[in-house]
1. Multiply the residue gap between Ser96 and Arg164 by 0.36 nm, knock off their C-alpha separation, and tell me the result in nm, one decimal place.
2. Dipole of the chain (Lys/Arg Cβ +1, Asp/Glu Cβ -1, origin at the Cα centre): which of Phe15, Leu123, Met82 lies farthest to the positive side?
3. Can you work out D for the chain in µm² s⁻¹ from Stokes-Einstein, where Rh is the Kirkwood radius over C-alpha pairs, the temperature is 25 °C and the viscosity is 0.890 mPa s?
4. With the other protein chains left in place, how much accessible area per residue, in square angstrom, belongs to the chain at a 1.4 angstrom probe?
5. List the residues, sorted by chain then number, that are 5 or more residues from Gly6 or on another chain and whose placed amide H is less than 5 Å from its amide H.
6. Could you look at the chain and say what percent of its accessible area is carbon and sulfur, using a 1.4 Å probe and all protein chains?
7. Please list 3J(HN,Hα) in residue order for the range 47-63, calculated via the Karplus relation 6.51 cos²θ - 1.76 cosθ + 1.60 where θ = phi - 60°; whole Hz, with x for glycine and proline.
8. Using helices alone, I'd like the mean residue ellipticity at 222 nm for the chain: each DSSP H run of four-plus residues gives -39500 (n - 2.57), total over residue count, nearest 500.
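The values are calculated or read from the model by the stated rules, or taken from the named source; none is laboratory data. Since we're looking at a predicted model, the values are computed, not measured. Counting neighbours? That spans all protein chains shown, and the Cβs are built from the backbone with ideal geometry, glycine included. Areas reflect the complete protein model, heavy atoms only, side chains present, ligands, DNA and RNA absent. Shrake-Rupley method; radii C 1.70, N 1.55, O 1.52, S 1.80 Å.
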Amino acid sequence: MEIRPGEGGEDAEQFASELCDVITTICRRKAVPVSQHTTGRTIILTLDSAIPQVSELVGTHRVQRIPSNSSRRHTSTATVVMLDHPEHHEVVIDPSELRIKTRRGSGPGGQHRNTTDSAVEVLHVPTGIMVQIDSGRSQHQNKERALSILAERLADMKREDAQRKRNDGRREQVASAERPAKDFTWNTQRGEVLCHSTGKRYDLARFKQGKL
């Protein structure tokens with residue numbers, strides 16, 4: 001889970017910390033292990049399993065209150081996003097998806113390299129990725145090197161695709177961190193939290209204790 005302060009300066013950072021406390025409290029109540037670390041202004045929580053009460057908190061939260069460092073009423077926001085844990089992308093290349101060609105090497109390297117079919121061209125048909133290697137003295141060396149480079153490029157492609165999906169997931173869950181885009185409003189005067197999408201109202205004191 002990613003918890004980020006939005007509009008509101010220092011109070012928004014404090015608000016994000018309060019949201020983090022709510023979520024970790026729910027995890028403790030449900031006996032779900034959770035770890036926490038911070039990257040920049042983002043609080044990252046890693047949960048061992050999904051919790052429905054935590055999933056309900058996804059979105060933009062808005063609070064209106066008088067911060068401890070001010071005498072005026074202030075509006076701050078913070079966002080909560082839930083994402084699948086990043087996976088390790090192991091690449092398995094299907095030999096039937098490869099088209100391998102050989103040709104004579106060129107450039108410096110001696111007579112042997114220029115008179116034998118040592119250069120290798122590997123095409124991965126599904127993606128169109130092509131790797132050409134002629135730096136080694138033997139066809140076997142060049143083929144191994146070409147397959148290694150191909151695996152690296154396919155792994156990069158998987159990581160980039162996964163990152164795009166994670167970014168899309170963030171955008172779907174949080175349109176923006178601006179005040180009008182709230183999904184939840186913490187009303188300190190009424191002592192309640194309102195979920196705008198469902199109309200559910202939570203007692204603020206119990207909400208902070210993770211009792212949803």
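1. Full-extension gain reported as 21.6 nm.
2. Of the candidates, Phe15 comes out farthest on the positive side.
3. 116
4. Value for the chain: 59 Å² per residue.
5. Amide H neighbours of Gly6, under 5 Å, 5+ apart: Thr77, Ala78, Thr79.
6. C and S atoms contribute 46 percent here.
7. 9, 6, 7, 6, 10, x, 4, 6, 4, 5, 8, 5, x, 9, 9, 10, 10
8. Helix-only estimate at 222 nm: -10500 deg cm²/dmol.
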